[in-house]
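For reference, the structure is listed below as structure tokens.
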Amino acid sequence: MTTTQDSPTAAGSGASASDAFKASKERRGDAAVAPERVDAVVSAILKGVHDTIREHQVSYPEFQAAKAWLMEVGETGEWPLFMDVFVEHVIEEVAAEQQQGTKGSIEGPYYLPGQAKLGSACTLPCRDDEKGDPLVFEGQVRALDGTPLGGAEVDIWHADADGYYSGFAPHLPEGNLRGVVITDGDGRFTISTVQPAPYQIPTDGPTGKLIEAAGWHPWRPAHLHVMVRAEGYRTVTTQLYFAGGEWLDSDVAEATKPELILDPVDDGTGTRRSSYDFNLEAL
Ligand code: MBD
Ligand code: FE
């Protein structure tokens, strides 16, 4: 979106996330729309709403407030944010029932395809004065039987030390802290970057206002997003968290898993290093 302001706003990041989602139609593919399926799923959702209204004696003013809020979610472009924070974790849980290999987690609203391709030992694109503690994330991509997967893609994106994502905050350069890292012949990668901060749902938009109105907290623990691809293997989309990190046990998006926690160790120079291997399931 075009803007002259340089501080991120909910409407700004919401609009960018809606644009990114619309542009991803090809990658998503089309859902089947058999009438029996629509009937079964939508009837169950509506029954949940109707039962809630009866159980909680929802009033006319509350119904109208809900309509106004839903309209605002659309107008600010926050549907991708809301859906990924409050719904995607269960979609991922259901998908995971059929999956082997490295545990997945939700993609969230801030993936952008087509980032710079980087060699197996690389530094993520960042500003000259990028803030944050140096972090090295290294590992190997393998098939389930242990075969190393050279030439695999580790597509990585994460927030900066202030908790903002490039492409969704106007003050950040395009492609900042994003890249597609190609593994070496032995499936290995070594990525130099900075420690991301925890992520706060924008408090000035409808999702943040709902969270505040309900007395919840708006935080996700610090995390790295990765999408690991190799020809002939199922793509793994996941997130990696940090041991001891704030909000790890109360992620607003409920997207943490015990298998996805890094425990970086200072190598003696102030750089924290962590190793994590990915195991991909053959198609
Ligand atoms: C994020 O950074 C994120 O990862 C998710 C899932 C939702 C909102 C912001
Ligand atoms: Fe995120």
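The values are calculated or read from the model by the stated rules, or taken from the named source; none is laboratory data. From a predicted model like this one, the values you see are computed outputs, not experimental measurements. All Cβ positions, even for glycine, are placed from backbone atoms using ideal geometry, and neighbour counts span all protein chains on display. Just so you know, the surface numbers come from the protein's heavy atoms only, side chains and all, with ligands and any DNA or RNA stripped out. Shrake-Rupley method; radii C 1.70, N 1.55, O 1.52, S 1.80 Å.
Between Ser43, Ser166, Ser18, the residue with the greatest mean-square fluctuation in the GNM of the chain (Cα pairs under 10 Å linked by springs) is Ser43. Of all DSSP beta bridges confined to the chain, the antiparallel ones make up roughly 70%.
When the chain is treated as a GNM, springs tying every alpha-carbon pair under 10 Å, which of Asp129, Asp249, Asp266 comes out with the largest mean-square fluctuation? In this elastic network of the chain, the residue with the biggest mean-square fluctuation among Asp129, Asp249, Asp266 is Asp129. The residues of the chain expose, per residue, 53 Å² of accessible area to a 1.4 Å probe.
Placing +1 on the Cβ of every Lys and Arg and -1 on the Cβ of every Asp and Glu, with nothing else charged, gives the chain a dipole about its Cα centre of roughly 420 debye. Summary of the geometry: segment 209-274 and segment 110-142, compared by the centres of their Cα atoms, lie 16 Å apart. Each of Thr147, Val252, Tyr110 was scored by the projection of its Cα onto the charge dipole of segment 95-280, and the greatest displacement toward the positive side belongs to Thr147; charges sit on the C-beta of Lys, Arg, Asp and Glu. What is the local net charge at Ser43, summed over the other residues whose Cβ is closer than 15 Å to its Cβ (Lys, Arg +1; Asp, Glu -1)? Charge balance in the 15 Å sphere: -1. Protein heavy-atom surface of the chain, 1.4 angstrom probe: 54% of the accessible area is carbon and sulfur, with nucleic acids and ligands not counted. For the chain, modelled as a GNM whose springs connect Cα atoms under 10 angstrom apart, the maximal fluctuation among Gly139, Gly163, Gly215 occurs at Gly215. For GluC sites (Glu not before Pro), the sites in segment 33-127 that DSSP calls loop and that have at most 16 other Cβ atoms within 10 Å are Glu97. Note: relative contact order over the chain, using C-alpha pairs below 8 Å and six or more positions apart, is 23 percent.
Rounded, prolate or oblate: which one fits the chain, using the alpha carbon gyration tensor with axes a ≥ b ≥ c (rounded when a/c is under 1.5, else prolate when a/b beats b/c, else oblate)? It is prolate, given that a/c is not under 1.5 and a/b is the larger ratio. Using only side-chain charges placed at the Cβ, +1 for Lys and Arg and -1 for Asp and Glu, the dipole size of segment 222-268 relative to its Cα centre rounds to 340 debye. Taking a sphere under 15 Å around the Cβ of Ile53 and counting the other residues whose Cβ falls inside, with K and R at +1 and D and E at -1, yields a net charge of 0.
Once a ≥ b ≥ c are taken as the square roots of the eigenvalues of the Cα gyration tensor of segment 1-131, is the result rounded (a/c under 1.5), prolate (a/b larger than b/c) or oblate (a/b not larger than b/c)? Oblate, because a/c is 1.5 or more while a/b does not exceed b/c.
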